[in-house]
Amino acid sequence: MATVSLEKLVKRYGSLEVVHGIDLEVADREFIALVGPSGCGKSTTLRMIAGLEPVSGGNLKIGGRVVNDLPPRARNLAMVFQSYALYPHMTVRENMGFSLKIAGQKPEDIAPQVEEAARTLDLTHLLDRRPSQLSGGQRQRVAMGRAIVRQPDVFLFDEPLSNLDAKLRTQMRVEIKKLHAKVQSTVIYVTHDQVEAMTLADRIVIMRDGYIEQVGTPEDVFQRPKSKFVAGFIGSPPMNLKDAEIADGQVVFANGDRLPLPARFRDRVTAGQKVTFGLRPDDLYPAGHGIHSGEDADVHRQDLRVILTEPLGNETLVFSDYAGAEWVGRMLNPRRLSPGEALPFCFDLSQAHLFDRESGRTLRG
Amino acid sequence: MKGWRPPAPFLLLLPAVLVLAAVVIIPLILSLYSSFTPFRLTQPASLFTLIGFRNYVRILTDIEFWTAFGRTVLLLTVALNVEMLLGLGLAMLVEKATRGQRLLRTIMMFPMMFSPILVGFQFKFMFNDNIGLVNNALQSLGLTDQAIPWLIDGSLAFFAILVAEVWSSTSVFAILILAGLLAMPKEPIEAARVDGCTPWQTFRYVTWPFIMPFAYIAMTIRSLDVARAYDIVKIMTDGGPAKRTELLWTLISRTAYADARMGLANAMAYVAILLSILFTVYFFRKLSAARTQIAAEW
């Protein structure tokens, strides 16, 4: 069990800097998810923590000890790789017991630990198979078993579910959550899938181009995104983000369409300010097919023409035309809609966001 | 009544069978047959006198034959092991190179581009006791003031031949093992490092099992090569002096052509081939075991 601290951590490849001095404190037993688009530096950061990439600058501490120059074996971590990285010439049993064997434990001490982990992960009947005889999900479980057996201070996961099909991914996500509840260890989990991050993590770290955009609980990053980037990255389908200007106490879009200025931003904007207006699909719904969260006064009603629908069964995503752009709304208790149909929509403005167009930062306090 | 027509498959295979018979099967049978005769090139009629197993009995009780046999096996064992180790080292170094790897790979293969005869001549010159580079270097460095008789002393000459063999063929191992290293996935190595392995343990438990099949392929190829070693030895020492470096095939060619005892030489050749087959079978077994172990898909 240990804390992990990143202090001004930098990674350079030659003259190319890919991680620009990031700071992060991971508490003991915390589950942290690093998310971001490809190339944002999340995997590089994880590999620096693991010791697989040398640290180019700043400090990396595990359990309060600076480990910058320690090899991976001296850091007491376990890592689960995207490709599982099992040893193909060893059986499941040998794979799981390998780190203990390397640590010099006796075979009779290793066996019960391996069996215990195998029971936890429901692998007992597979112990004598080789990785090539296992399915993707089973291999994934073996990779996790190999990590558990070590009883490491910190678990590192590098996109562990990316190679699984959607159904198995959901299943394994639950397994990982249960596992964390059971082993109570510090976890750093890298993923590009924001659903995984939201469902698993205590706190989410959103990275972009080698910088940390925001750190916060899943509720934080979803409800109070600090920037346009976070707002667009977290949530599915993504938030509607449209450029606008403030005029006459209203939000005015490029084509002249207007929405009332949401109450909580009234003191924070000035006339003529260039902004980006953000509204989640959940807060844009056909009248009577959604739930508004605030006062009635905050709901703006407007007739919109439907362009396209995506029925998902329990809900329908409705693409409609407004302010010269396409907006996505979410329709609960859906009924069949046909393209071209016009119907009244509700804009729940108490949930709207405004970002400074230049800096992309949020305009709320 | 129609005449008998041979079935189509038979007809279609016939040309291939005829060619094979002419160039492989008949010479093989003929040579096997002649190993049971006292056939001498100078006395053609002797081809028709059968003497049963007398040639085989004779070579199997001949100390000279067994010495050559033993020396060949020794050369095979030592050369293969040395080449294996050097090749592994070379391959791992080249694999680490971040720049110029293709150039290094090409340079590494240079020795394979020379005819063994030329390699023989080159090393014969280098190990010459009077004008050779090796003695010159040793003397200039003050390591010795004597002219070491590299190609005259029996064990020194064996060593010189070994050096020439190793120089010319280490790259076979290096190239094949390098292929293995390049084909190997990197994640298991990283997993091993995180799992607590030292660099040596990573090599021992993860890298080595992966490249073992490649090493065995190289072993198989090279064991056949060394078992029929002839050209380099022929040039450097010609089995001499006084048969101190006689290998199986120098002995066989001497018996066949210098002594013109073709029947006896053929008998020796069959025993020599048996040796090659044994080594090949051995390494193929090892190869398939190693392949199963890493679950190779080839």
By average Cβ neighbour count within 10 Å, what is the ranking of B:236-243, B:253-260, B:14-21 from highest down?
B:236-243, B:253-260, B:14-21
What Rg and what Dmax come out for the range A:31-106 when only alpha-carbon atoms are used, in angstroms?
14.8, 44
Of the DSSP H helices in chain B, those whose Cα atoms cover at least 30 Å axially and whose Kyte score averages -0.5 or more:
B:63-96, B:154-183, B:262-293
With Cα coordinates, the longest principal axis of chain A makes an angle with the long axis of helix A:107-120, in degrees rounded to 10, of 20 degrees
Given springs between every Cα pair under 10 Å in a Gaussian network model of chain A, which of A:LEU261, A:LEU123, A:LEU312 has the largest fluctuation?
A:LEU312
Report, in degrees rounded to the nearest 10, the 0 to 90 angle that the Cα long axis of helix A:136-149 makes with the longest principal axis of chain A.
60 degrees
May I ask for the distance between the Cα centers of the range A:88-162 and the range A:197-274, given as a whole number of Å?
43 Å
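At 1.4 Å probe radius, can you tell me the per residue accessible area of the range B:177-298 in Å²?
I get 42 Å² per residue for this part.
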About its Cα centre, what dipole magnitude does the protein assembly as shown give when the only charges are +1 on Lys and Arg Cβ and -1 on Asp and Glu Cβ, stated in debye to the nearest 20?
2020 debye
Cβ neighbours within 10 Å from other chains - mean over A:26-32:
0
Using only Cα atoms, tell me the angle between helix A:166-183 and the longest principal axis of chain A; keep it within 0 to 90° and round to the nearest 10.
60 degrees
Mean 1/r over all different Cα pairs, inverted: what Kirkwood radius does the range A:240-356 give, in Å?
14.4 Å
Looking at chain B as a GNM with Cα springs under 10 Å, which of B:LEU75, B:LEU12, B:LEU93 has the largest mean-square fluctuation?
B:LEU12
Given a cut-off of 20 Å, name the pairs among A:LYS101/A:LYS182; A:LYS8/A:LYS61; B:LYS96/B:LYS186; A:LYS242/A:LYS274; A:LYS177/A:LYS226 whose C-alpha atoms lie farther apart than that in the structure shown.
A:LYS101/A:LYS182; A:LYS177/A:LYS226
Sequence-distant lysines (8 or more away, or on other chains) whose Cα lies within less than 30 Å of B:LYS124
B:LYS234, B:LYS243
Which value, in nm² and rounded to one decimal, describes the direction-averaged projected area of the C-alpha convex hull of the protein assembly as shown?
52.2 nm²
Given N residues in the range A:163-275, what is its alpha carbon radius of gyration divided by 2.2 N^0.38 Å?
1.41
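Give the Kirkwood hydrodynamic radius (Å, one decimal) of the range A:4-225, defined as one over the mean of 1/r across all pairs of different Cα atoms.
Answer for the range A:4-225: a Kirkwood hydrodynamic radius of 17.9 Å.
Rolling a 1.4 Å sphere over the protein heavy atoms, what is the accessible area per residue of the range B:1-49, to the nearest Å²? Display every interim value, and only then the final one.
Details: 4080 Å² over 49 residues.
Per residue, the range B:1-49 has an accessible area of 83 Å².
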Please give the average number of partner chain Cβ atoms lying within 10 Å of the Cβ of each residue in A:81-88, rounded to a whole number.
6
Residue among A:LEU46, A:LEU77, A:LEU127 with the largest mean-square fluctuation in a Gaussian network model of chain A, springs linking Cα atoms under 10 Å
A:LEU127
For B:LYS286, go through the aspartates and glutamates and keep the ones whose alpha-carbon is under 20 Å away, minus same-chain ones fewer than eight residues off.
B:GLU83, B:ASP225, B:GLU297
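The values are calculated or read from the model by the stated rules, or taken from the named source; none is laboratory data. These numbers were taken from a predicted model, which means no experiment stands behind them. As a convention, Cβ positions derive from the backbone with ideal geometry for all residues, glycine included, and neighbour counts pool all protein chains shown. The accessibility values were calculated without ligands, DNA or RNA, using every heavy atom of the protein model including side chains. Shrake-Rupley method; radii C 1.70, N 1.55, O 1.52, S 1.80 Å.
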